[in-house]
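What follows is a short report on a single structure.
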Protein chains: 2
Amino acid sequence: MSAGALSGAGPFGGLGIAELARRIRSGESTAVEITEQALAAAHSVGAELNCFVTVDDDGARRAAQLADAELVSGLDRGPLHGIPVGVKDMIATSGLATTMGSRHFAGDTPAQDASVVSSLRTAGAVILGKTQTHEFAYGPTSDRAATGAARNPQDLSRMTGGSSGGSAAAVAAGLIPLALGTDTGGSVRIPAALCGAVGLRPTQGSIDMIGAFPLSPTMDVVGPIAGSVADTALGWWALSTRPESSGAHWSLWTAPRIPEPGRVRGVRIGQPVCDLVDRVDQSARGGQQAAADALAASGAALTELALPELDETSGPYYDIQSAEAYEIHEERVRRAPELFDPEVLERLEAAARVPGWRYVRALDVRRRLRAGMLDKLAAVDIVLMPTVPLEAPVINQRDLDPNTGWSGVREALLALTSPWSLLGFPAISVPVPMGGETMLGSVQLVAKPGQEHLLLDTAALLENSLPGSPKWG
Amino acid sequence: MSAGALSGAGPFGGLGIAELARRIRSGESTAVEITEQALAAAHSVGAELNCFVTVDDDGARRAAQLADAELVSGLDRGPLHGIPVGVKDMIATSGLATTMGSRHFAGDTPAQDASVVSSLRTAGAVILGKTQTHEFAYGPTSDRAATGAARNPQDLSRMTGGSSGGSAAAVAAGLIPLALGTDTGGSVRIPAALCGAVGLRPTQGSIDMIGAFPLSPTMDVVGPIAGSVADTALGWWALSTRPESSGAHWSLWTAPRIPEPGRVRGVRIGQPVCDLVDRVDQSARGGQQAAADALAASGAALTELALPELDETSGPYYDIQSAEAYEIHEERVRRAPELFDPEVLERLEAAARVPGWRYVRALDVRRRLRAGMLDKLAAVDIVLMPTVPLEAPVINQRDLDPNTGWSGVREALLALTSPWSLLGFPAISVPVPMGGETMLGSVQLVAKPGQEHLLLDTAALLENSLPGSPKWG
């Protein structure tokens with residue numbers, strides 16, 4: 001294992017939410033102290049990584065003071081109470097600029113919180129600031145944005161991946177213990193994998209998307225990025241749980257569920273056999289092998305599973321994403337094309353040319369593939385495969401050696417995550433402390449729709465089983 | 001009132017299903033005798049109208065013999081038992097050629113019945129033959145088909161309208177008492193209006209479409225065409241009711257409901273005010289006024305209702321239809337374009353150019369318009385408006401006087417029916433025995449989704465109230 005540069009350089013590297021929550025309640029620390037540490041780190045290390053678009057010093061301090069006061073008064077909102085979190089700049093925050101990474105929304109300040117932000121605040125979280133995003137989330141590299149490229153904390157010359165690059169970089173650097181991303185084709189999982197964090201894409205349709213700026217509404221979903229599976233589960237709990245009023249205050253209506261590897265001993269794990277997973281590099285193969293070995297040693301039942309369906313997903317994925325994305329941006333492209341990053345504009349112009357009949361057909365193919373995949377996966381509980389087929393490229397790199405089998409960086413980064421986006425299945429990327437020479441590896445676990453509990457339990461089993469795995473307490 | 005040429009020339013002009021059913025049971029007639037009359041008419045008058053693609057002499061005779069034998073044995077399948085019906089050649093019939101009006105399917109014989117045909121047979125109906133359709137149902141004129149143009153029984157030089165032109169012509173000429181059509185943008189209602197029959201478009205999604213060849217699957221629906229509202233209601237009953245097995249034989253699981261004007265005295269009827277209905281000719285205005293007067297005299301409460309939403313439906317209608325239609329025909333256009341009628345091919349080639357983002361937006365607009373229309377129509381029970389804005393043009397006519405406000409025949413014919421197709425509301429066209437000089441007029445009644453009972457009762461009220469209305473008994 002090797003993680004260089006600014007990995008875990010911030011105050012929360014290796015320090016998980018449960019321990020922070022304990023310190024706040026024991027008096028060893030306060031929400032204000034923890035928030036001040038996060039703010040300082042965001043301004044220093046965060047600036048080097050260019051992972052924040054906006055750091056909300058005043059708002060975060062006020063929220064932390066309120067959190068401390070509530071605890072003193074006896075109101076405990078649960079494990080996220082007083083914990084600083086980052087919110088991707090695609091997600092609306094009341095009174096706090098939300099730019100979508102674009103000059104089109106420079107300085108734009110929403111009047112209302114997105115539903116997921118509302119849930120986070122109800123859980124007591126302190127919104128520290130807004131994290132960098134690939135412009136309009138329309139790219140997996142996070143090096144095209146009005147405020148410039150985000151930098152990978154493991155190697156500042158490399159891209160974070162994206163589009164939730166700022167969230168993944170901030171978490172992997174230990175600047176905040178938890179951040180929100182959005183995932184359309186892999187925008188939570190890809191940067192989590194490249195930066196060395198855990199990232200969960202929940203089941204399509206399970207998260208209230210009001211206030212999350214769309215890219216491709218039939219595939220968009222908000223997901224958490226954190227330093228451990230347990231903290232990711234806390235983030236998912238807050239996102240997926242409705243705030244409800246009970247007397248004097250609002251609260252989330254269910255308690256969080258801590259992932260427990262003991263529940264999934266003997267879990268049936270399928271490793272896909274198909275062309276896509278044949279085209280991954282040695283680092284991805286190494287990560288996959290290490291994860292498989294660790295899970296098998298912990299009692300999981302591993303099998304191979306022919307999944308040629310995965311090789312058919314790319315066409316419908318791009319057709320659906322293109323038609324939906326251009327529909328959202330059509331007026332902006334028409335009225336003020338010069339405000340887009342040129343590469344994003346070019347991508348939109350290509351998206352405009354996807355014909356309607358291909359979109360209609362892609363929806364049909366998606367329905368067929370989804371039904372077929374549910375049949376196929378009756379034989380296993382979880383699918384295990386790489387999250388990305390290669391290590392983080394350098395910032396602005398677009399071309400790849402044709403021998404890799406990929407036409408370019410964008411196609412390669414999205415290749416293994418977008419199939420599950422198209423199908424709407426929940427998936428999580430977990431760091432694997434081996435793989436490349438200088439970078440953390442990663443693997444992706446996938447479950448059937450609605451089976452986030454099983455997915456998180458299995459991810460916790462993997463995390464616990466990996467030799468040399470960081471145990472963030 | 002005036003209805004010339006071959007209107008009602010066949011054995012069932014002015015003769016309804018209830019009376020036929022009575023005669024079969026009283027011994028005054030038999031299913032075989034009635035079927036022989038229908039076959040003779042189909043070969044004589046039907047040939048002049050070019051309204052059948054295939055007349056199934058052998059199959060119809062066998063079915064009629066079986067129907068008579070069943071009655072002798074005590075098995076009575078209800079009012080359609082032994083009644084000859086026509087099936088549009090877009091709807092699969094087991095062992096009977098089904099061509100979609102196209103050389104692409106010349107001689108093609110399905111192995112299975114469409115679900116609606118299965119239901120008709122379970123109700124005891126005798127499938128007399130397959131009726132002419134505009135090629136692939138892709139046009140409202142029924143003058144482009146592999147077997148040539150259908151002719152309007154009121155005036156053989158005029159078009160039937162379409163795409164269910166053969167069904168409407170055969171019914172209006174009295175060759176059969178009931179026929180099935182399919183309605184995407186108005187393909188049941190338009191030819192019913194132009195030929196002088198009743199035609200019902202059921203609620204989108206309420207009819208099992210298996211075996212009905214698609215044009216635009218999110219707007220396609222099968223509907224009945226008949227000589228009276230009561231007979232249309234019987235057709236709708238058979239289409240919308242599942243066959244179920246009860247012991248020795250299959251039957252439809254509910255009994256038919258006879259439309260009863262007495263149930264809807266005082267019904268609230270809105271007459272839309274919008275640009276579309278301002279652009280209708282004197283015949284349409286006359287029909288609308290006559291229908292409004294008749295309904296008011298029968299105790300209905302008529303009001304004006306501003307519905308500018310109707311003026312916004314055309315763009316999304318064509319975008320959705322185009323994308324979905326081309327998706328269905330893409331392979332045929334690529335492999336054998338020469339087998340299409342040139343006008344249909346040109347229409348498909350234009351449809352191929354609708355961009356995906358416009359389809360996505362049209363789906364959004366449809367959702368919004370549908371919700372808005374449900375709100376608007378809270379104030380009334382039924383909408384009353386013309387079915388078509390002009391009388392039947394002559395066969396192959398495409399241009400219209402620009403003073404009409406319409407760009408051409410296709411746009412004009414679809415203008416008043418396609419809004420309800422887009423929105424998915426049920427609608428019925430009812431003949432009005434005044435309007436033009438030589439042709440029957442018509443009006444369209446529209447109800448909220450799922451309210452076919454109310455719609456049919458109100459249509460029966462109108463039919464009973466019209467002076468000089470044909471009372472088919």
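Data for the structure
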| item | result |
| --- | --- |
| Distance between region B:322-383 and region B:1-74 - C-alpha centres, whole angstrom | 37 Å |
| Fewest-first ranking of A:MET90, A:MET219, using other Cβ atoms within 10 Å as the exposure measure | A:MET219, A:MET90 |
| Helical segments meeting 20 Å axial Cα length and Kyte-Doolittle -0.5 threshold in chain A (DSSP H) | A:57-72, A:282-297 |
| Cα gyration tensor shape for region A:363-404, rounded if a/c is under 1.5, else prolate or oblate | prolate |
| Where a label projected 7 Å from the Cα of B:LEU156 along Cα→Cβ would reach, residues of region B:77-91 with amide N under 20 Å | none |
| A:VAL55, B:VAL229 arranged by Cβ crowding within 10 Å, fewest neighbours leading | A:VAL55, B:VAL229 |
| Mean separation of Cα contacts under 8 Å, 6 or more apart, over the residue count of region B:102-229: relative contact order % | 23 percent |
| Rounded to the nearest 20 debye, dipole of chain B from Cβ charges on Lys, Arg, Asp, Glu | 660 debye |
| Distances in nm from B:ALA378 to the matching label points in the other copies, shortest first (labels 7 Å along Cα to Cβ) | 4.6 |
| Interchain or long-range residues, amide H under 5 Å from A:ASP381's placed H | A:ARG268, A:ILE269, A:GLY270 |
| Cα gyration tensor category, rounded, prolate or oblate, for chain B with a/c compared to 1.5 | rounded |
| For region B:240-366, share of DSSP beta bridges that run antiparallel, in % to the nearest 5 | 40 percent |
| Range of Cα positions in the protein assembly as shown per principal axis (Å), largest first | 98, 54, 51 |
| Estimated FRET transfer efficiency when R0 is 56 angstrom, pair B:GLN282-A:SER206 (beta carbons, to 0.05) | 0.45 |
| Percent antiparallel among DSSP beta bridges (both partners in region A:362-473, rounded to 5) | 100 percent |
| Cα-centre dipole for region A:320-390 with unit charges at Cβ (Lys and Arg positive, Asp and Glu negative), debye to 20 | 420 debye |
| FRET efficiency estimate (nearest 0.05) - Cβ-Cβ, A:ASP399 to A:SER26, R0 51 angstrom | 0.45 |
| FRET E, pair A:GLU304, A:ARG257, Förster distance 25 Å, beta-carbon r, rounded to 0.05 | 0.20 |
| Likely footprinting exposure, A:MET159, B:MET373, A:MET209, fewest C-beta neighbours within 10 Å first | A:MET209, B:MET373, A:MET159 |
| Relative contact order of chain A, defined on C-alpha pairs under 8 angstrom at six or more residues apart (%) | 19 percent |
| Highest-first arrangement of A:401-407, A:79-85, A:38-44, A:196-202, where packing means the average Cβ count within 10 Å | A:196-202, A:79-85, A:38-44, A:401-407 |
| Only Lys, Arg (+1) and Asp, Glu (-1) charged, at Cβ; region A:199-268 dipole about Cα centre in debye | 360 debye |
| DSSP-defined beta bridges in chain A - what % are antiparallel, rounded to 5 | 65 percent |
| Reduced Cα scattering model of region B:186-292, Debye log10 I(q)/I(0), q = 0.19 Å⁻¹ | -1.23 |
| Label 7 Å beyond Cα on the Cβ vector: B:PRO337 copy-to-copy distances, nm | 2.8 |
| Dipole of chain A, positive end: most advanced residue of A:ALA379, A:VAL171, A:ALA362 [Cβ charges, Cα centre] | A:ALA379 |
| Relative contact order of region B:194-246, pairs being alpha-carbon contacts under 8 Å that are 6 or more residues apart, as % | 40 percent |
| Nitroxide proxy distance, nm - points 7 Å out along Cα→Cβ at B:ASP58 and B:ASP275 | 5.6 nm |
| 10 Å Cβ neighbours from other chains, averaged over peptide A:358-365 | 6 |
| Peptide-level mean, for B:319-330, of C-beta atoms on other protein chains within 10 Å | 4 |
| Surrounding net charge for B:ARG201, when Lys and Arg each add one and Asp and Glu each subtract one, Cβ distance under 12 Å | -2 |
| Shape of region A:394-449, Cα gyration tensor, a/c cut at 1.5 | oblate |
| Inter-chain shielding of B:343-352 (mean C-beta neighbours from other protein chains, 10 Å cut-off) | 1 |
| Largest-first principal axis extents, alpha carbons of region B:99-162, Å | 38, 28, 16 |
| Farthest positive-ward along chain B dipole, Cα basis, beta-carbon charges - from B:GLN112, B:VAL126, B:LEU239 | B:LEU239 |
| Burial order of peptide ranges B:101-110, B:286-295, B:301-310, B:453-462 (average beta-carbon count within 10 Å, highest first) | B:453-462, B:286-295, B:101-110, B:301-310 |
| Region A:247-303 versus region B:138-166: alpha-carbon centroid distance in Å | 62 Å |
| Cβ-vector label at 7 Å, B:VAL394, separations to other copies in nm | 7.6 |
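A short reminder: the numbers here are calculations on the coordinates, not readings from a lab. Quick caveat, the model's predicted, so the values are computed rather than measured. All Cβ positions, even for glycine, are placed from backbone atoms using ideal geometry, and neighbour counts span all protein chains on display.
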